[in-house]
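Nothing in this text is a laboratory measurement; each read-out follows from the coordinates by a stated rule. Keep in mind it's a predicted model, so treat the numbers as computed, not measured. With ideal geometry, Cβ positions are generated from the backbone for all residues, glycine too; neighbour counts draw on all protein chains shown.
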Amino acid sequence: MRHIIAVLMENEAGALSRVVGLFSQRNFNIETLNVAPTEDPTLSRLTVTTTGNDRVIEQITKQLNKLIEVVKLVDLTDGDHIEREMMLIKLKAAGQHRDEIKRTVDIFRGQIVDVTSSVYTVQLTGDQPKLDAFINAIGESYVLETVRSGVSGIARGEKVLSI
Amino acid sequence: MLLAEEYIVEMLSGAEMVIRSLQDEGVEYIYGYPGGSVLHIYDALFQQDKVKHVLVRHEQAATHMADAYARASGKPGVVFVTSGPGATNAVTGIATAYMDSIPMVVISGQVMSHLIGEDAFQETDILGVSRPVVKHNFAIKDAKDIPETIKKAFYVASTGRPGPVVVDIPKDMTAPTDKFEYNYPAQVEMRSYNPATRGHSGQIKKAMDMMVAAKRPVILVGGGTIGGRASEVVTELAQKMNFPVSTTLMGLGGYPASDRQWLGMPGMHGSYEANMALHHADLILSLGARFDDRVTNATEKFCPTARVIHVDIDPSSISKTIAADVPIVGPTKSVATEMLSLLAKSKTSPDKSALADWWGQIDQWRQRHGGRYDTHADGLLKPQQVIEAVHKVTNGDAYVCSDVGQHQMFAAQYYKFDKPNRWINSGGLGTMGFGFPAAMGVKLHYPDAEVVCVTGEGSFQMNLQELSTCSQYGLPVKIICLNNGSLGMVRQWQDMNYESRHSQSYMESLPDFEKLAAAYGHEAITVANEAELMPALEKAFAMKDKLVFMNILVDANEHVYPMQVPKASMRDMWLSKSERT
Ligand SMILES: Cc1ncc(C[n+]2csc(CCOP(=O)(O)OP(=O)(O)O)c2C)c(N)n1
Ligand SMILES: [Mg+2]
């Protein structure tokens, strides 16, 4: 099963490489990974999506917790949560397809953030299936380049991950 | 004008702070080897005499010395190495300590900060290289952080599940010209590191209820009982419960081997009775063991009727390979102590009649194999009988530091350890070359104790350069080399699985060990048959101030038994070349 694990860790050089190293060293999967400092500049927040059976996920969370620089973590998949990913996508937008692409972007509530006579650069946010669906709707042959942020996640309601 | 003492601040260079921090940490010995990046530190070392330094002949040996010191004493061992090859030479020793959860602090020099990343002379990213085999590592980015970082290194290395910690110090951080205010913290706190100090009372209560009700219990004692200094309470608990005890390779000595309740080791080369008892158990109480693959055999066939209470300081060790029914995260000592006090207060007591039946069954198993081996009529020595003889001449009271191979298993099986911290071996990594430096590390700290290195002619040659270090520091260890002229453990597997095709497991042109020892000023005795054995051992151990290399020629065709059948259950064993369970 797919899990989203959110990790608060010391914002120190080397901390990220420990997390990444752990996954390869112990043969765990990483599907997406994103990391940035939080409002408290001494902390970084990392979100990793991974797959595995319950035993593997238990090991992943335990091994992550064991890293000295990891302060706290939560498996968001254990409760209600929101997940989002941001994609920037460059699309061929020339001739008769230009309007069609614009319409599809609107339907998906994307924004065209850069334009040339033959190219639209679109920004789109959503969960992973939505981003995948957008690419499908546009048709892969129109896609010139994509960049995705990896999943970010947060629990719904009162629950917070903080120290 | 007079200044009150507290106003006098000491200004020290980075190098001086390294040495002062170690002094203030109470470190007695450093094991190491100098080089360019640590020259400032070695200069500061030279100008004091509180902390002593042992100059090894290869950095790997420094790490094993520090490691064995830690295993025997419980205190972290300290290593100095220079950047690049010095640091990479230490990696095997760091990994050895990591696998066996041994506290160690390795201070590695690094090239100057402004050169890092430029492939400078003797630059290795030792933080990256060591990352998978350390508990943690630190880079010094600012010289004034040196004392606090060293304090943290000792704190992390020695608390929770212990392990090696590397502190990497670029040369410019130790420059003698740059002075800083020195202040060694009495303690440190890290918000992200809070090792458990006691187990969950509710879980312990639940465990105790299961223990009292158990009909076929076994206590499994592992390295966590040794490292956690818990043998005494664990022994008391086992005896109050009248439960059989099996000690893993890392747990030997955690329960006295001469006691009736001891079953021997579990696992691949475990005793028949220990493996049978575990297989048929209805309850396993694991105290600091981690159910590794050499203990469990095929996990899906492991102990089908047993419920498992798993006590470990490291939550990630619990339910990693074998699912625990009652997980208890905490130090073995405090958990076993709490169990004892629960037992004292409890109105119920262990099931006497069930235990009597269980012991009856175990005694039958004991009779089936009982650690027997064939002896030769022609006087050719069996490795097992050598270990038994060593046990006899040392009154079972020596520190036994082992290398890796058949000799290690024979030592583990036949030197019956009654005390903890006496059996010192590389259990997790299985590092050939460990035994000799390990014996040196123990002898340095316990000069009056008998310290034995059990080795093979293969393993010994992986660190034999340390014969020189022993001459320099006067380390009269006794080396028992079970010389079978081959990489015996490899050969055994080739005999059993590859129709005796002995691919690269035979060693031609072994050195003349007597001349080799003599070249370094040591003694050596060769023993070729049974009649010579005891007299030679007695002679060797009577030479208190001499390193004696005992070149003992043993039967090359001997195998270690019992041996579990691969991919099977605990009870599936070869008991000899021809007898299978
Ligand atoms: C550094 C290292 N290399 C290889 C091995 C694999 N290995 C395990 S036991 C063994 C043979 C050891 O030979 P020896 O020291 O003579 O001991 P014996 O088995 O003959 O008693 C080997 C090669 C190892 N454990 N460590
Ligand atoms: Mg050999």
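Tabulated results
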| item | result |
| --- | --- |
| Crossing angle, helix B:530-542 versus chain B [Cα axis fit, 0-90 degrees, rounded to tens] | 30 |
| Partner chain coverage, peptide A:60-69 - average Cβ within 10 angstrom | 5 |
| B:ASP325 versus A:THR38: modelled label distance in nm, points set 7 Å from Cα along the beta carbon direction | 4.0 |
| Förster radius 56 Å - calculated FRET efficiency between B:LYS206 and A:GLU100 (Cβ-Cβ, nearest 0.05) | 0.30 |
| Among beta bridges that DSSP assigns inside the protein assembly as shown, antiparallel share in %, nearest 5 | 45 |
| Estimated distance in nm for a label pair at B:LYS141 and B:HIS376, the labels positioned 7 Å out from Cα along Cα-to-Cβ | 6.4 |
| Cβ-derived FRET efficiency at R0 41 Å, B:LYS419 paired with A:ALA13, nearest 0.05 | 0.40 |
| From the C-alpha gyration tensor of region B:177-320, square roots of 5λ in Å | 34, 17, 16 |
| Label-reachable residues, region A:82-109, where backbone N falls under 12 Å from a point 7 Å from A:SER149's Cα toward its Cβ | A:83-88 |
| FRET efficiency for A:ASN29 and B:ARG260, using Cβ-Cβ distance with R0 set to 56 Å, rounded to 0.05 | 0.65 |
| Total formal charge among the other residues, if their Cβ is under 13 angstrom from that of B:GLN465, Lys/Arg +1 and Asp/Glu -1 | -1 |
| Pairwise label distance in nanometres, B:LYS544 with B:GLU499, each label 7 Å out on the Cα-Cβ vector | 5.8 |
| Angle between chain A longest axis and helix A:54-66 axis [Cα atoms, degrees, rounded to 10] | 70 |
| Rg and Dmax [Cα atoms of region B:278-364; Å; Rg one decimal, Dmax integer] | 14.4, 39 |
| Order of B:MET173, B:MET99 - criterion: other Cβ atoms within 10 Å of each residue's Cβ, fewest first | B:MET99, B:MET173 |
| For B:PHE80, B:PHE138, B:PHE434, order by how many other beta-carbon atoms lie within 10 Å, fewest first | B:PHE138, B:PHE80, B:PHE434 |
| Crossing angle, helix B:383-393 versus chain B [Cα axis fit, 0-90 degrees, rounded to tens] | 70 |
